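**Q** One structure is given below, represented as structure tokens, and several questions about it will come after.
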Amino acid sequence: MTYLVPNAPADLEAGTEVYIFAWTTRDTGGQYPTLDWQGIDKKVYFPEVQEGDGSTESTEVDIMPVDPGFGYGYGYTNITITKVELGYYYMAQWDAYPTDGTIPNFDVPPVVIQPVWKFSGTAEGQAPYTENIVLYMQAVDPSFVE
């Protein structure tokens, strides 16, 4: 399928294969629908390693260039915990899919309940805003964790 990709990176070489993450397409009255995209990544191909080769050499691959200043850093420079709570985390334990061709058991699964510490607060980073964060940590002695 062919799409129009508005605001595509200008330095993308013709014929470069890419992966595009998009939310929707729009009919703008042209020959092709317009793709409302969020991200574009260059496809990276690694050479096949022959079985028994034993080679551990890495292959250098050029990645798609990103303009300086694009986006914000993901690191936090300051985290302030404003609340600590002891709570419970629960997770359903679904049966593994059978390998003998039988139908899996989709009944209500057993639930594992585990105490956790819940830390709530704010985080400041390289972005020009403060984010609310919630962090969880097991509140069980590690010798009891499987």
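The values are calculated or read from the model by the stated rules, or taken from the named source; none is laboratory data. Just so we're clear, the structure is a prediction, and the values are computed from it rather than from any experiment. No Cβ is skipped: glycine too gets one built from the backbone with ideal geometry, and neighbour counts run over all protein chains shown.
**Q** Among the listed residues GLY87, GLY125, which satisfies the condition of being surrounded by 10 or more Cβ atoms within 10 Å (Cβ to Cβ), modelled with pLDDT of 85 or more and in contact with a strand residue (DSSP E or B) (Cβ under 6 Å, 6 or more places away or on another chain)?
**A** Going through GLY87, GLY125 in turn, just one is surrounded by 10 or more Cβ atoms within 10 Å (Cβ to Cβ), modelled with pLDDT of 85 or more and in contact with a strand residue (DSSP E or B) (Cβ under 6 Å, 6 or more places away or on another chain): GLY87.
**Q** How many residues, within region 24-33, are within 20 Å of ALA14 (Cβ to Cβ) and in a strand (DSSP E or B)?
**A** 0
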